[in-house]
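The values are calculated or read from the model by the stated rules, or taken from the named source; none is laboratory data. All of these numbers come straight from a predicted model, not from anything done at the bench. Counting neighbours? That spans all protein chains shown, and the Cβs are built from the backbone with ideal geometry, glycine included.
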Amino acid sequence: MSGSVIKARVVWALVWLAGGLPMRWQRGLGGALGRLVGLLGLREARVARRNLELCFPQMELAQRQALWRQNLVETGRTLTETLRLWTRPSTRHLGLVREVVGGELLDAALASGNGTLIAAPHLGNWELLNQWLASRSPLAIVYRPPRADWADALIRRARGQPGVTQVRAEASGVRTLFRILKEGGMVGILPDQQPKRGDGEFAPFFGIPALTMTLLPRLAQRTGATVLMAFAERLPDADGFRIRILPASAALSDADPAIATAALNAAVESCIALVPAQYQWSYKRFTIRPENAEPIRYD
């Protein structure tokens with residue numbers, strides 16, 4: 001047995017134990033963890049603060065500070081909730097969905113037989129969203145494999161829920177996505193990850209040029225699939241979530257990458273505007289800059 005396999009099994013055992021806590025305990029623990037990250041000034045807290053400064057420069061300082069503190073709490077909750085979602089059968093989690101807004105859009109897209117492309121930002125709890133979508137129809141999700149073999153094995157095991165197919169973000173995986181959509185299937189992509197230079201287009205994100213994936217627009221344009229925005233919003237003072245399904249602009253399927261990526265980022269912004277505290281602001285979104293542009297520093 002390789003060292004990577006042993007490490008993956010040990011980490012899985014620890015995750016499994018933590019995932020057995022009651023949901024309210026997990027949310028409380030996650031909130032406390034987020035506050036501690038802020039008090040200690042750890043990397044995630046610094047990155048979140050910087051992103052909020054960049055994206056909301058006109059917001060009053062006190063308001064932005066309050067948003068930052070709440071975001072750290074919500075980020076911690078996403079982490080601890082995910083321990084449960086990864087280690088227990090997905091059928092146990094569907095009851096956490098208290099409300100679905102825009103479900104008729106998903107029903108119509110699936111019934112059309114033209115393929116359904118779900119753009120799911122890092123907003124709320126995207127792991128629960130995956131499981132809910134897979135309960136409606138088989139779902140292929142795109143993921144970027146981590147560098148460590150043990151971490152890749154852990155993620156594939158954690159997300160290996162019924163109805164979910166995991167597709168690596170590489171050339172052979174892209175061909176698989178085209179095939180699934182052309183056959184009328186459903187594909188889920190996180191649209192707000194920064195791609196490698198050369199694999200995307202710079203487009204405004206909160207007014208800042210951000211390297212944005214062209215994969216999702218290309219899939220939409222070449223297959224004619226229906227594009228929907230979706231996220232699982234955490235409800236306050238409860239164990240539940242609200243699934244939100246929103247239509248995407250037709251411009252997202254435009255043949256011009258500049259138009260399509262601008263529409264994609266605008267759609268992500270519209271989702272964030274509904275629950276800004278639940279977005280993953282701790283992600284370094286602006287590290288790759290246009291040629292000759294001033295670098296954006298996070299430290």
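Does residue 207 satisfy being small (Gly, Ala, Ser), more than 19 Å from the chain's Cα centre (by Cα) and under 20 Å from residue 126 (Cα atoms)? Spelling it out, it is not the case that residue 207 is small (Gly, Ala, Ser), more than 19 Å from the chain's Cα centre (by Cα) and under 20 Å from residue 126 (Cα atoms). The set of residues in segment 270-299 that are modelled with pLDDT of 95 or more, of a type in the set (Phe, Trp, Tyr) and over 14 Å from the mean Cα position of the chain (by Cα) contains only 286. Among the residues of segment 120-162, the ones that are more than 22 Å from residue 233 (Cβ to Cβ) and in a loop (DSSP other than H, G, I, E, B) come to 8 in all.
If you go through segment 67-119 and keep only what is of a type in the set (Asp, Glu), closer than 16 Å to residue 234 by Cβ and assigned to a helix (DSSP H, G or I), you end up with 74, 81.
Please go through segment 224-243 and give me each residue that is of a type in the set (Phe, Trp, Tyr) and within 24 Å of residue 113 (Cα to Cα), ordered by number. Across segment 224-243, the qualifying residue is only 231. Reported count of residues in segment 51-66, each being in a helix (DSSP H, G or I) and either within 20 Å of the chain's Cα centre (by Cα) or without any contact (Cβ under 8 Å) to a residue 12 or more places away in the chain (or both), is 9. Looking across segment 239-250, just one residue is without any contact (Cβ under 8 Å) to a residue 40 or more places away in the chain and either within 18 Å of the chain's Cα centre (by Cα) or surrounded by fewer than 16 Cβ atoms within 10 Å (Cβ to Cβ) (or both), and that is 250. Being of a type in the set (S, T, N, Q), surrounded by 13 or more Cβ atoms within 10 Å (Cβ to Cβ) and either in contact with a strand residue (DSSP E or B) (Cβ under 9 Å, 6 or more places away or on another chain) or free of Cβ contacts under 8 Å to residues at least 40 places away in the same chain (or both): is that true of residue 78 here? Against the criterion (of a type in the set (S, T, N, Q), surrounded by 13 or more Cβ atoms within 10 Å (Cβ to Cβ) and either in contact with a strand residue (DSSP E or B) (Cβ under 9 Å, 6 or more places away or on another chain) or free of Cβ contacts under 8 Å to residues at least 40 places away in the same chain (or both)), residue 78 qualifies.
Would you call residue 87 more than 28 Å from residue 228 (Cβ to Cβ) and of a type in the set (Val, Ile, Thr)? Judged against the criteria, residue 87 is a match. The residue that is nearest to residue 208 (Cα to Cα), among those in segment 36-51 that are out of contact with any Ser or Thr (no Cβ under 7 Å at 6 or more places or on another chain) and surrounded by 15 or more Cβ atoms within 10 Å (Cβ to Cβ), is 51. Any chance segment 119-140 includes a residue that's among the hydroxyl-bearing types (Ser, Thr, Tyr) and either within 24 Å of residue 77 (Cβ to Cβ) or touching a helix residue (DSSP H, G or I) at 6+ places or on another chain (Cβ under 8 Å) (or both)? Scanning segment 119-140, I find at least one residue that is among the hydroxyl-bearing types (Ser, Thr, Tyr) and either within 24 Å of residue 77 (Cβ to Cβ) or touching a helix residue (DSSP H, G or I) at 6+ places or on another chain (Cβ under 8 Å) (or both), so the answer is yes. Once segment 137-168 is narrowed to residues that are of a type in the set (D, E, K, R) and surrounded by 16 or more Cβ atoms within 10 Å (Cβ to Cβ), the residue that is farthest from residue 102 (Cα to Cα) is 152. Considering each residue of segment 78-86 in turn, none proves to be at pLDDT 95 or above and among the aliphatic types (A, V, I, L, M). Candidates 212, 176: the one that is at pLDDT 95 or above and either within 14 Å of residue 114 (Cβ to Cβ) or touching a strand residue (DSSP E or B) at 6+ places or on another chain (Cβ under 9 Å) (or both) is 212. If you filter segment 221-269 down to residues that are among the small types (Gly, Ala, Ser) and touching an Asp or Glu at 6+ places or on another chain (Cβ under 9 Å), you find that the one that is modelled with the lowest pLDDT is 240.
What number of residues in segment 213-238 are small (Gly, Ala, Ser), buried (at least 20 other Cβ atoms within 10 Å of the Cβ) and farther than 20 Å from residue 30 by Cα? Spell out the reasoning first.
In the first step, residues of segment 213-238 are kept if they are small (Gly, Ala, Ser); the result is 220, 224-225, 230, 232, 238.
Filter once more, keeping what is buried (at least 20 other Cβ atoms within 10 Å of the Cβ): 220, 225, 230, 232.
Restricting the remaining residues to those that are farther than 20 Å from residue 30 by Cα gives 220, 225, 230.
Residues in segment 213-238 being small (Gly, Ala, Ser), buried (at least 20 other Cβ atoms within 10 Å of the Cβ) and farther than 20 Å from residue 30 by Cα: 3 in total.
Within segment 1-43, the set of residues being assigned to a helix (DSSP H, G or I), polar (S, T, N, Q) and at pLDDT below 80 comprises just one member, 4.
The single condition from (1) acidic (Asp, Glu); (2) over 25 Å from residue 252 (Cα atoms); (3) surrounded by 14 or more Cβ atoms within 10 Å (Cβ to Cβ) that residue 60 fails is (3).
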